[in-house]
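The numbers here are math on the coordinates, done by the rules we state, and not lab data. Model, not experiment: these values are computed from the prediction. Cβ atoms come from the backbone with ideal geometry, glycine included; neighbour counts cover every protein chain shown.
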Amino acid sequence: MELSIVSMGRRHLDGCGRVVDGLELFARYRFSGVAASQLLGAAMDEGRCDLRVAVDRRDDVTGFAWLVPRGGFDRSGYLRLIAVGSGHRGAGVGRRLVEALEETHLRHGGIMLLASADNTGARRFYERLGYRQVGLLPGYVVPDLDELIFFKSSARV
């Protein structure tokens with residue numbers, strides 16, 4: 001599959017919403033595609049975020065990532081949201097999105113992120129990319145759903 005990682009534009013917001021709506025994980029958080037599109041649009045307006053999309057040769061969104069520079073304790077980047085369409089999982093889309101963000105932000109204090117404790121696929125994915133689990137936030141986003149904190153230091157590049 002031909003894939004490009006580009007800065008997110010308004011034309012991509014509906015596609016990002018479709019990605020979210022197609023993933024069961026987000027239903028657990030009561031997070032819809034409409035909500036995702038609205039939040040991403042607001043982040044775009046604010047201008048303090050790095051928003052990237054993975055698009056195919058027709059400019060259809062296959063995945064997206066939202067990083068807040070210095071969003072991790074005002075020291076490191078915080079990968080707030082990443083999603084890959086269900087039909088594109090395992091094809092390297094997530095890896096390419098994370099690597100694109102790392103090229104820009106990793107050297108500025110590292111990158112941290114959260115993953116639900118029971119999402120073993122996400123945990124393995126981040127560990128393969130060199131992220132280490134460094135903490136636990138019980139019921140942080142949703143009661144009875146624990147979040148794991150992962151971090152990758154610029155020193156590990």
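Taken over region 9-28, the criterion of being under 29 Å from Asp118 (Cβ atoms) and either exposed (fewer than 13 other Cβ atoms within 10 Å of the Cβ) or in contact with a Lys or Arg (Cβ under 7 Å, 6 or more places away or on another chain) (or both) is satisfied by Glu24, Ala27. Condition check for Ser116 on (1) within 22 Å of Asp74 (Cβ to Cβ); (2) in contact (Cβ under 8 Å) with a residue 60 or more places away in the chain; (3) within 15 Å of the chain's Cα centre (by Cα): one failure, at (1).
The conditions of being under 24 Å from Leu13 (Cβ atoms), in contact with a Cys (Cβ under 7 Å, 6 or more places away or on another chain), crowded, with 17+ Cβ neighbours inside 10 Å and hydrophobic (A, V, I, L, M, F, W, C) are met by Val68. Condition check for Asp45 on (1) in a helix (DSSP H, G or I); (2) in contact with an Asp or Glu (Cβ under 7 Å, 6 or more places away or on another chain): one failure, at (2).
The condition (being closer than 21 Å to Tyr140 by Cβ, in a helix (DSSP H, G or I) and out of contact with any Cys (no Cβ under 7 Å at 6 or more places or on another chain)) is satisfied by just one residue among Gly94, Gly121: Gly121.
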